[in-house]
1. Which residues, taken from the range 70-102, are surrounded by fewer than 18 Cβ atoms within 10 Å (Cβ to Cβ), under 18 Å from P41 (Cα atoms) and of a type in the set (D, E, K, R)?
2. Show the residue pairs meeting these rules: Cβ distance below 8 Å; 6+ apart or different chains; first residue within the range 12-25 and closer than 14 Å to M47 by Cα; second residue among the β-branched types (V, I, T) and at pLDDT 95 or above.
3. Considering only the range 48-96, how many residues are assigned to a helix (DSSP H, G or I) and in contact with a Cys (Cβ under 8 Å, 6 or more places away or on another chain)?
4. Determine which member of the set D138, D225, D218, D191 is exposed (fewer than 13 other Cβ atoms within 10 Å of the Cβ) and not polar (S, T, N, Q).
5. Which condition from (1) surrounded by 14 or more Cβ atoms within 10 Å (Cβ to Cβ); (2) at negative phi is the one that N131 breaks?
6. Give me a count of the residues in the range 26-55 that are under 23 Å from T205 (Cα atoms) and of a type in the set (S, T, N, Q).
7. Quickly run through the range 141-156 and pick out the residues that are buried (at least 20 other Cβ atoms within 10 Å of the Cβ) and touching a Ser or Thr at 6+ places or on another chain (Cβ under 8 Å).
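The values are calculated or read from the model by the stated rules, or taken from the named source; none is laboratory data. Predicted model, so just to flag it, every value in this text is computed and none were measured. Reconstructed Cβ throughout: ideal geometry from the backbone, glycine too, with neighbour counts over all protein chains shown.
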Amino acid sequence: MKSKQASKLKLLYIAFMTAVFTLWSCTKIIVGSYFVKNYRPYIDRIMNKWAARLLSLVKVTTIVKGKNNIPQNCERPLIVMCTHSSLYDMPVAIQALDLSFRFVAKKELYSIPIFGTALKKAEFVSIDRHNHEQAIKDLKEAKEKMMEGITLWMAPEGTRSKDGKLAKFKRGGFHVAIDTQALILPVVIKDIHKVQAGDETKVFTNQTVEVEICESVDASAFSVDDRVELIKIVRSKMLAALGQEKFHDK
């Protein structure tokens, strides 16, 4: 089927059902935190169902390349660094990656009733981008969770790109990677901005997006003083996967 823009009525339906699926998932996470013993796999199952339902609403088909680059039985801390240009990046990433990971989320999201509580219960990590001292503390907490076995999903761009072009990288995630001697797994989601871009309210259904998982980069080979070089290496892999090498200097 051809891609088409969702009508206002369809858009309202998508928004309503997204809210319903999200509220239901959050409720299960909160309730389960009191009763479920094997809690992390329980959260993984909820996240996978949530992602599948959201993508079915907009009829997105996902093609995944490079799955062999995902570290198997990895005993090292692992950070997924992914492109970020759409509200649908997260559900696509959940469906594409066979990993138990948690997202680094904006501090503001934790003030939303029920949703914020669910983020905390699910061990998501918050980053306060408006308070430098708090951001340092938040990144320390992220490091602690990684050492406990949590894989972190980060958007090195920090905010959503509206045109799918890779924006300038923030340095915080690379500090965490170096401090924890983590493996960085670069991931790009191609054409997801054609489904929904940035803060746009327009949604286009019946799209096919391609996820490419690049070869991992070992952050233990770098010091904090070398972080710029680490950023360049990760960025170059993501630009090459996107076919955007000409934006290397940005």
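1. E75, D98
2. Listed pairs, sorted by first residue: S25/I46.
3. Applying the first criterion (assigned to a helix (DSSP H, G or I)) to the range 48-96 yields 48-58, 67-69, 89-96.
Cutting the leftovers down to in contact with a Cys (Cβ under 8 Å, 6 or more places away or on another chain) gives us 69, 89, 93.
The number of residues fulfilling the criteria is 3.
4. When all the criteria are applied, what remains is D225.
5. Only one criterion is unmet by N131, namely (1).
6. Matching residues across the range 26-55 total 1.
7. M146, T151, A155
This table checks each residue for (1) of a type outside the set (F, W, Y); (2) at pLDDT below 95; (3) surrounded by 11 or more Cβ atoms within 10 Å (Cβ to Cβ).
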| position | (1), (2), (3) |
| --- | --- |
| K2 | yes, yes, no |
| K8 | yes, yes, no |
| M17 | yes, no, yes |
| K28 | yes, no, yes |
| F35 | no, yes, no |
| N38 | yes, yes, no |
| K49 | yes, no, yes |
